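Structure first, then comments.
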Amino acid sequence: MNQFFPVWRASLQHFFVWFQALRGRTAWFPLKAFLFFFAVNLAFFWWALLTAYPHLLFGPRAQEYVLMGFPVSFLGAIFDCISLAATLYIVGRALQAESDHRFLAYLSFDLVIAVLAGLWVLFAFVVSGWLVNVILSLPETMADRGHLYQERIDSLMSHPFRRNNIRNLYFGVIMGASALFPTLFHFFLMARSWLRSLRARRAAGEGT
């Protein structure tokens, strides 16, 4: 365990320096990051829709769902860019922390971002669904759209293993995946650092 945090810090420092250099030498980085996240969110939307609700792409509501992917992806890209900036700030503060407890406490803020990502997905679908209905002149208000997703959440909490609820949960996880990249990357670095420190301790034990 003594080697775990130093190895984790070193791995995170290496990535942080690399990414900051990449951002510094990339022209129009914020715009390119936004376009990247927009494309990722749109791809995830199509994949989730195709695998969870393929009939919606070919039924009478196909136009509605085709259009919905664009505002959903736009709002998702906004959150992802903010999440990226927040994560970089958190990592910078964590690397400056003198104690391991403060280092871990800073990185734990990414869990808050993960929770906010789930809430943002709901917000994006409520707003996007309402906007598309306005464009298509369909009789639905923002309150109607919010009530629809509230009912889905209540149903998921009451009957989590119903087939339709599982599909809704799968759809939400896929749509929130891009915002979870920083959190998942932290877990990856943590696991890799733990394995490296474990191997180093075993090697030290064998050498004595």
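The values are calculated or read from the model by the stated rules, or taken from the named source; none is laboratory data. No experiment lies behind these values; they were computed from the predicted model shown. We place every Cβ from the backbone using ideal geometry, glycine too, and count neighbours over all the protein chains shown.
Residue count for the stretch 1-57 under the criterion of being among the charged types (D, E, K, R) and in contact with a Ser or Thr (Cβ under 8 Å, 6 or more places away or on another chain): the result is 1.
Kindly indicate whether R23 is of a type in the set (K, R), out of contact with any helix residue (DSSP H, G or I) (no Cβ under 7 Å at 6 or more places or on another chain) and either surrounded by 13 or more Cβ atoms within 10 Å (Cβ to Cβ) or within 30 Å of N133 (Cα to Cα) (or both).
Working: of a type in the set (K, R): yes; out of contact with any helix residue (DSSP H, G or I) (no Cβ under 7 Å at 6 or more places or on another chain): no; either surrounded by 13 or more Cβ atoms within 10 Å (Cβ to Cβ) or within 30 Å of N133 (Cα to Cα) (or both): yes.
In short, no.
Modelled with pLDDT under 80, under 25 Å from L104 (Cα atoms) and either aromatic (F, W, Y) or in a helix (DSSP H, G or I) (or both): does that describe A179? It is true that A179 is modelled with pLDDT under 80, under 25 Å from L104 (Cα atoms) and either aromatic (F, W, Y) or in a helix (DSSP H, G or I) (or both). Could you check, for the stretch 134-151, whether at least one of its residues is in contact (Cβ under 8 Å) with a residue 60 or more places away in the chain, at negative phi and not in a helix (DSSP H, G or I)? Taking every residue of the stretch 134-151 in turn, at least one turns out to be in contact (Cβ under 8 Å) with a residue 60 or more places away in the chain, at negative phi and not in a helix (DSSP H, G or I). Kindly indicate whether V72 is β-branched (V, I, T), under 22 Å from the mean Cα position of the chain (by Cα), over 14 Å from H186 (Cβ atoms) and at pLDDT below 85. In short, no. Could you list, in sequence order, all residues of the stretch 16-45 that are within 26 Å of F70 (Cβ to Cβ), without any contact (Cβ under 8 Å) to a residue 60 or more places away in the chain and not aliphatic (A, V, I, L, M)? Selection gives T26, W28, F29, P30, K32, F34, F36, F38.
Inspect all residues belonging to the stretch 141-162 and state whether any of them is within 24 Å of R23 (Cβ to Cβ) and under 23 Å from the mean Cα position of the chain (by Cα). Break it down stepwise before answering.
Initially, the stretch 141-162 is screened for residues within 24 Å of R23 (Cβ to Cβ), giving none.
No, the stretch 141-162 has no match at all.
The number of residues in the stretch 154-163 being surrounded by 10 or more Cβ atoms within 10 Å (Cβ to Cβ), within 23 Å of V127 (Cβ to Cβ) and at pLDDT 80 or above comes to 2.
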